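S.K.: If you scroll down you'll find the structure; I have some questions about it.
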Amino acid sequence: MTDSAITRAFVLHPDLKSADRKRTAEHALAEGVALAAALPNLSVEGAEVVRLPRILPGTLFGTGKLEELKGRLKAAEVALVLIDGPVTPVQQRNLEKEWGVKVLDRTGLILEIFADRARTREGVLQVELAALSYQRTRLVRAWTHLERQRGGFGFVGGPGETQIEADRRAIDEQMVRLRRQLEKVVKTRELHRAARRRVPFPVVALVGYTNAGKSTLFNRMTGAEVLAKDMLFATLDPTMRGVVLPAGRKVILSDTVGFISDLPTQLVAAFRATLEEVLEADLILHVRDISHPETEAQAEDVAAILASLGVRREVPQLEVWNKIDLVAPEARAALEAQAARSETIFVASALTGEGLDGLLDAVNSHLDEERSERVFTLPFSDGRRRAWLHEEGVVTAEDQVEDGYRLTVNWTARQEKRFRDL
């Protein structure tokens, strides 16, 4: 890579004094810098928290701060400013005009990273769809060359309207095409999932904040070579592998995209399908970077996203306090003592392998809900419960008899209880 291929960037984190926040501005800025570092060909030349008494609708920052930053950006020969927060189309346009550089907000940056990382057909389509949705909201930027020509207030009529409407229509048509393609891909994946349901192996899903060490843990548990780097969003597409636990049980392990606070709404919707693997799980391993100063806030974000996905409360979850090797001895002893008092918390290091034996034993015991086989008949009118049994993948045989469906099921006590409650 030559120096000419590298874009010099500067990261700004706007900190609104009145904001109610779980994280410190400094840690938020560090996450913004880590996001920037996740893009190849970007060189972060500087980063700063900008304290704001209020947000100005036109330029985000006040006049004095605009001038001060302009001088610093010019001195650092910066070509791209990454603003770690939301920026309206008008603010983006005005800042670019004022500073003479490209401006990207947090949503735009995350979209760039996702576009760089997506590998599977579905991942690529999801990113394109999210990018178009984002782009559609920013068509105001196409109006700059018409600013002095528009009539009225600039919102109705005027020579700019036709082009903007044409752009919007082109984007809408492309989004419809992408959604159709996605539907086909999702149907194919549903067939794969249905096939997996017929395999009597439980699914264990790794979830966690981005860069918590899920892929490193996945690699250590499976021997796979999944991209595992100290960067945000190293894994984007879900990866699944069969694993034989030390006790001899075979499970399917699923590595998922990392969660992040303030994930752009376009991406929450677009990647819901990718995260559906979690909905299929028999056991969830919530991997936490226990060495991170804001690990509690990150865990809250993960819990909120799992709840929004509709993860069933009865699916057991274990917490893996990862990166324990990075914790100072005194704090480490306290964490180990806390974990020892819990049946669902395990301290570990995916990098060194420490603590994984105990974790794997716990995975085995949590999945060791005895399965029992039962044979019964459901009346033809009970289609809903029959469909549920098939969705759960517990039906091993089915025959149509005179008074309904004769079913043979292999299920856990938990599944049987849920069936009774339907």
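S.K.: Hey, among the residues in the stretch 360-395 that are of a type in the set (S, T, N, Q) and within 34 Å of the chain's Cα centre (by Cα), which one's surrounded by the most Cβ atoms within 10 Å (Cβ to Cβ)? Break it down into steps so the answer makes sense when it comes.
M.R.: In the first step, residues of the stretch 360-395 are kept if they are of a type in the set (S, T, N, Q); the result is 364-365, 372, 377, 381.
Filter once more, so that each one left must be within 34 Å of the chain's Cα centre (by Cα): 364-365.
Numbers: Asn364: 16, Ser365: 11.
So, considering only residues that are of a type in the set (S, T, N, Q) and within 34 Å of the chain's Cα centre (by Cα), the one surrounded by the most Cβ atoms within 10 Å (Cβ to Cβ) is Asn364.
Per-residue answers, yes or no, for (1) modelled with pLDDT of 90 or more; (2) within 16 Å of Leu360 (Cα to Cα):
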| site | (1), (2) |
| --- | --- |
| Ser291 | yes, no |
| Asp301 | no, no |
| Ala304 | no, no |
| Trp321 | yes, yes |
| Ile324 | yes, no |
| Ala328 | yes, no |
| Ala334 | yes, no |
| Gln338 | yes, no |
| Ser342 | no, yes |
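S.K.: Determine, yes or no, whether Glu190 is at pLDDT 70 or above, under 23 Å from the mean Cα position of the chain (by Cα) and part of a helix (DSSP H, G or I).
M.R.: It is true that Glu190 is at pLDDT 70 or above, under 23 Å from the mean Cα position of the chain (by Cα) and part of a helix (DSSP H, G or I).
S.K.: Looking at the stretch 88-102, can you tell me whether even one residue there is surrounded by 16 or more Cβ atoms within 10 Å (Cβ to Cβ), under 24 Å from the mean Cα position of the chain (by Cα), on the phi < 0 side of the Ramachandran plot and modelled with pLDDT under 95?
M.R.: Scanning the stretch 88-102 turns up at least one residue that is surrounded by 16 or more Cβ atoms within 10 Å (Cβ to Cβ), under 24 Å from the mean Cα position of the chain (by Cα), on the phi < 0 side of the Ramachandran plot and modelled with pLDDT under 95.
S.K.: Please determine whether any residue of the stretch 302-310 is loosely packed, with under 13 Cβ neighbours inside 10 Å and either over 20 Å from the mean Cα position of the chain (by Cα) or under 30 Å from Tyr405 (Cβ atoms) (or both). Outline the logic, then answer.
M.R.: We begin by selecting, within the stretch 302-310, every residue loosely packed, with under 13 Cβ neighbours inside 10 Å; these are 304, 307-308, 310.
Then drop every residue that is not either over 20 Å from the mean Cα position of the chain (by Cα) or under 30 Å from Tyr405 (Cβ atoms) (or both), which leaves 310.
Scanning the stretch 302-310 turns up at least one residue that is loosely packed, with under 13 Cβ neighbours inside 10 Å and either over 20 Å from the mean Cα position of the chain (by Cα) or under 30 Å from Tyr405 (Cβ atoms) (or both).
S.K.: Any chance the stretch 169-186 includes a residue that's at negative phi, modelled with pLDDT under 85, assigned to a helix (DSSP H, G or I) and exposed (fewer than 11 other Cβ atoms within 10 Å of the Cβ)?
M.R.: No: zero hits.
S.K.: Which residues, taken from the stretch 74-128, are among the acidic types (Asp, Glu), touching an Asp or Glu at 6+ places or on another chain (Cβ under 9 Å) and in contact (Cβ under 8 Å) with a residue 40 or more places away in the chain?
M.R.: Glu77, Asp84, Glu122
S.K.: Anything in the stretch 29-62 that is exposed (fewer than 14 other Cβ atoms within 10 Å of the Cβ) and out of contact with any strand residue (DSSP E or B) (no Cβ under 9 Å at 6 or more places or on another chain)? List them, or say none.
M.R.: Residues satisfying the conditions are Pro40, Pro57, Gly58.
S.K.: Kindly state which helices (runs of 4 or more DSSP H) lie completely within the stretch 201-281 and contain at least 2 residues that are modelled with pLDDT under 75.
M.R.: Details: elements: 214-222, 265-270, 276-279.
Those helices (runs of 4 or more DSSP H) span 265-270, 276-279.
S.K.: When you check Leu35 against the structure, is it free of Cβ contacts under 8 Å to residues at least 40 places away in the same chain and either over 28 Å from Leu129 (Cβ atoms) or under 29 Å from the mean Cα position of the chain (by Cα) (or both), yes or no?
M.R.: Numbers: free of Cβ contacts under 8 Å to residues at least 40 places away in the same chain: no; either over 28 Å from Leu129 (Cβ atoms) or under 29 Å from the mean Cα position of the chain (by Cα) (or both): yes.
Answer is no for this residue.
The values are calculated or read from the model by the stated rules, or taken from the named source; none is laboratory data. Bear in mind the structure is a predicted one, so any value in this text is a computation, not a measurement. Every residue, glycine among them, receives a Cβ derived from its backbone with ideal geometry; neighbour counts consider all protein chains shown.
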